[in-house]
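Structure, as structure tokens:
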Amino acid sequence: MTLTEIMQTLPYGPAPEAAKPALDWIKAHKARFQLFIAGRWRAPASREWFATINPANGQKLAEVALADATDVDKAVKAARKAFTDWSQTKGHVRARYLYAIARQIQKHARLFTVLETLDNGKPIRETRDIDIPLVARHFYYHAGWAQLMESELAGYAPLGVVGQIIPWNFPLLMLAWKVAPALAMGNTVVLKPAEYTPLTALLFAEICQNIGLPPGVVNIITGDGKTGAALVEHPGVDKIAFTGSTEVGRIIRKATAGSGKKLSLELGGKSPFVVFEDADLDSAVEGVVDAIWFNQGQVCCAGSRLLVQEGIAEKMYAKLRARMEKLRVGDPLDKAVDLGAIIAPAQLEKIQQLVQKGVEEGAKLWQPSWAVPAEGCFYPPTLFTEVAPASTIAQEEIFGPVLAALTFRTPEEAVRLANNTRYGLAASIWSEDINLALDVATQIKAGTVWINSTNLFDAASGFGGYRESGFGREGGREGLWEYVKKIEVHRTAQGQKPRARGLTARASAESLPPIDRTAKLFIGGKQVRPDSGYSKAVYTPDGRLVGEVGLGNRKDICNAVEAARGAFEGWRKTTAHNKAQVLYFLAENLSQRAEEFARRLSEQTGQDGGAEVEAALEALFTAAAWADKYEGLVHPTPLRNVTLAIPEPIGVMGILCPDDQPLLALAHLAGTALVMGNTLVVVPSPLAPLSATDFYQVLETSDVPAGTFNIVTGEREELALTLAEHDDVDAVWYAGPRAGWALVERASAGNMKRTWTLPPSGPLPDTQEVLRQATQVKNIWVPYGA
Ligand code: NDP
């Protein structure tokens, strides 16, 4: 027998990790766990308990308390009480607590590892080498941000009590992603782990107790979906951070609508894994193993759609099948196992049903020749080829070890297929041509793109979705914004009182021209009549008629969205320098008509119009200045790679302007959103819309490309609802009464568009906040090395 033959036929022997220390820990708690509230263990008010099961063998591990609304209330109150001191605790002191947590996790790494594998069923190799080390890394990293908060986030304060709801696929890691930044920024938390996997969160609670974390800073309440819902609905919670299914994310979006609670959602995905013909195929095959068979494919960013360039497809499939034949499925505690158990029978059934659907819809199924263990929840690695792009298995998140393969011919087609999904969490691109890879990376709509790599995570890099994969980032500097709020109060966009320019309301009112204009909308670069054929009167504050604007309706909004969508790609690709030029030119043209605008403003608002025009000009200049200066970051992730955190435009945005300072608000909000590469449908201030309709004449004479800046006047709430419901709108900013916030936030759940709600009057948000709201961060991981 040759050495090669020996190596090829060498059988694996079992190499199981001992479960005893973890089982002893469970036994020491009499296999029954209470709720961790205000630093103490308490029995649930409900007096109900539920079992947590080892999915690899179906055996019960322990009983866990089921928190009801009373328990949630107690936990929120404990967190509120603790917030007073914790938020005042110096950053350095908070850093030391986070550091202590990280150290404890490292010291008890093996216990955490085994416990996680028992409760979740994932291979011990993954809990040992990925989950637990990353958990420690998150606490270390955020200890650093706690230390630096006072200098690096000056002017920002913690939010208060944060409700955090996490799924079962990365139980302790999701806890770390949420708890570490929240605590670092001075918030207190109430965390609900998933029903299937509560144990490591309870061990974590013990650690918090052991290091003397002040009572109430971290509260862990176990329970089911109802517990989560009670936490979402509790009025004492200032923010909800959720990771889980898009379906529940949508419920939470609706439940929090209008409540003023800050929200971040990390939801599902159907991430593309794109292989070009010049890729290193053997590496790409290993990449697929990590992309879809890591954690049995129960990963939100799993590379579940393999897109292969046509010429190499058969070769790639052959290599993949050979590799799949060698994968090992079995006891998750065995260190030589590649795939462990599926979380629960219900999930296994869901996978089986979707696979069945794939077969029925005509895709070609391939599974290895060997059988998975008959006992416990196991499913073999599965490959579908000849998959139609619109079929169920190409569109729906299966959340199992099932790969759907499609082919493409050109990079353009690859991008089209990659983006042919309602999700936008992650993507993986394989090519030896870095020009091609980066070009494609910037075109794929996803929060994270890995080049020649996949499923890389680090605390220094932000993670989060585009589209129906949710919004908000976790990790990196960008993740901190989810847990802070601005404390400064700004009088205007520039933080100064508008300067007087010598024009008074009275003087300008006297020189107003008569009502002589036909009210129109501005759509696709043209003045158009409103579809309704109706106009709406505009009055001065003392009740005099000053003009009319068109009464836009659903049809007008749809036309405007269509125009904005059509203009988006071109505008997105326009260089930052040229975008700035467009805004400077706009400002120049506005300045030429400053007096006319000032008169109009004074008339409509009764305020100093001259000062407002000045402030609007300054806002346009500020926006233009940021065009090429709102930079991304290079995150120092601990691998041989660069991770580029790039702010990207969100897409088509609806902006409903506030009542006050109509021209300034338009310039500041819409100008900034535009310069970041978004295309807009702007609904001007309902009290003083004439400045905006005058403004389209300035737009016409500037170089603003047709369709990038559309203006629709009309009833704010009606237009807001249409925009929020529209599936081709990616974000809505709504400044208006509180009732409208709820309307917009609830309606936005359809395609999970980002929303930003603002009061109808008062100070405008500062430029940094607007820039952040106008962009989303994409993290592109680029490994290097010869
Ligand atoms: P869910 O989205 O239902 O659960 C995530 C978390 O939310 C859990 O803690 C859950 O509690 C809780 N929850 C459930 N209902 C509510 C509610 N109405 N209000 C507040 N919190 C709630 O995911 P599942 O675990 O049920 O998995 C279902 C499917 O979701 C999977 O098949 C998979 O496709 C997808 N999924 C996606 C994830 C991702 O990261 N993208 C993660 C997990 C699942 P409890 O566990 O007690 O029910």
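Structure summary
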| quantity | calculated |
| --- | --- |
| Condition met for Ala51 (at pLDDT 95 or above and in a strand (DSSP E or B)) | yes |
| Test: Ala374 is under 29 Å from Pro167 (Cα atoms), without any contact (Cβ under 8 Å) to a residue 12 or more places away in the chain, loosely packed, with under 15 Cβ neighbours inside 10 Å and away from the ligand (no atom under 15 Å from the Cβ) | yes |
| Conditions (1) modelled with pLDDT under 95; (2) open to solvent by 10 Å² or more (accessible area, probe 1.4 Å); number of the one not met by Met676 | (1) |
| Residue match in segment 614-632 (condition: in contact with a Phe, Trp or Tyr (Cβ under 9 Å, 6 or more places away or on another chain), farther than 23 Å from Asp556 by Cα and aromatic (Phe, Trp, Tyr)) | yes |
| Residue in segment 423-439 that is polar (S, T, N, Q), open to solvent by 10 Å² or more (accessible area, probe 1.4 Å) and under 29 Å from the mean Cα position of the chain (by Cα) present | yes |
| Strands (runs of 3 or more DSSP E) contained entirely in segment 298-415, each with at least 1 residues that are in contact with a strand residue (DSSP E or B) (Cβ under 8 Å, 6 or more places away or on another chain) and closer than 26 Å to Val440 by Cα | 305-309, 382-385, 402-408 |
| Segment 310-333: number of residues that are farther than 16 Å from Ser369 by Cβ, out of contact with any helix residue (DSSP H, G or I) (no Cβ under 8 Å at 6 or more places or on another chain) and open to solvent by 60 Å² or more (accessible area, probe 1.4 Å) | 4 |
| Segment 279-303, residues that are open to solvent by 10 Å² or more (accessible area, probe 1.4 Å) and polar (S, T, N, Q) | Ser283 |
| Within segment 91-126, tally of residues that are more than 20 Å from Gln59 (Cα to Cα) and either assigned to a helix (DSSP H, G or I) or free of Cβ contacts under 8 Å to residues at least 40 places away in the same chain (or both) | 21 |
| Restricting segment 244-260 to residues that are of a type in the set (Val, Ile, Thr) and near the ligand (Cβ under 7 Å from one of its atoms), the residue that is surrounded by the fewest Cβ atoms within 10 Å (Cβ to Cβ) | Ile251 |
| Any hit, segment 569-577, residues being buried (at least 17 other Cβ atoms within 10 Å of the Cβ), out of contact with any Asp or Glu (no Cβ under 6 Å at 6 or more places or on another chain) and of a type in the set (Phe, Trp, Tyr) | yes |
| Qualifying residue in segment 57-75 (condition: at pLDDT 95 or above, small (Gly, Ala, Ser), open to solvent by 60 Å² or more (accessible area, probe 1.4 Å) and farther than 13 Å from Tyr196 by Cα) | yes |
| Where a residue in segment 259-288 is farther than 16 Å from Glu474 by Cα and modelled with pLDDT of 95 or more and its partner, wherever it lies, is away from the ligand (no atom under 16 Å from the Cβ) and acidic (Asp, Glu), with Cβ under 6 Å and at least six apart | Asp278/Glu432; Asp278/Asp433 |
| Strands (runs of 3 or more DSSP E) within segment 537-652 that include 3 or more residues under 28 Å from the mean Cα position of the chain (by Cα) | 633-635, 641-649 |
| Hits in segment 193-216 (condition: touching a Leu at 6+ places or on another chain (Cβ under 7 Å) and more than 16 Å from the ligand (Cβ to nearest atom)) | Leu203 |
| Count of residues meeting criterion [touching a helix residue (DSSP H, G or I) at 6+ places or on another chain (Cβ under 7 Å), open to solvent by less than 70 Å² (accessible area, probe 1.4 Å) and away from the ligand (no atom under 14 Å from the Cβ)] in segment 349-364 | 2 |
| Candidate set from segment 217-243 (those that are within 7 Å of the ligand (Cβ to nearest atom) and among the polar types (S, T, N, Q)); member that is surrounded by the fewest Cβ atoms within 10 Å (Cβ to Cβ) | Thr243 |
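The values are calculated or read from the model by the stated rules, or taken from the named source; none is laboratory data. Quantities reported herein were computed from a predicted structural model and do not represent experimental measurements. Quick reminder, even Gly has a Cβ in these numbers, built from the backbone with ideal geometry, and neighbours come from all protein chains shown. Remember, those area values only see protein heavy atoms, side chains included, never the ligands or the DNA or RNA. Shrake-Rupley method; radii C 1.70, N 1.55, O 1.52, S 1.80 Å.
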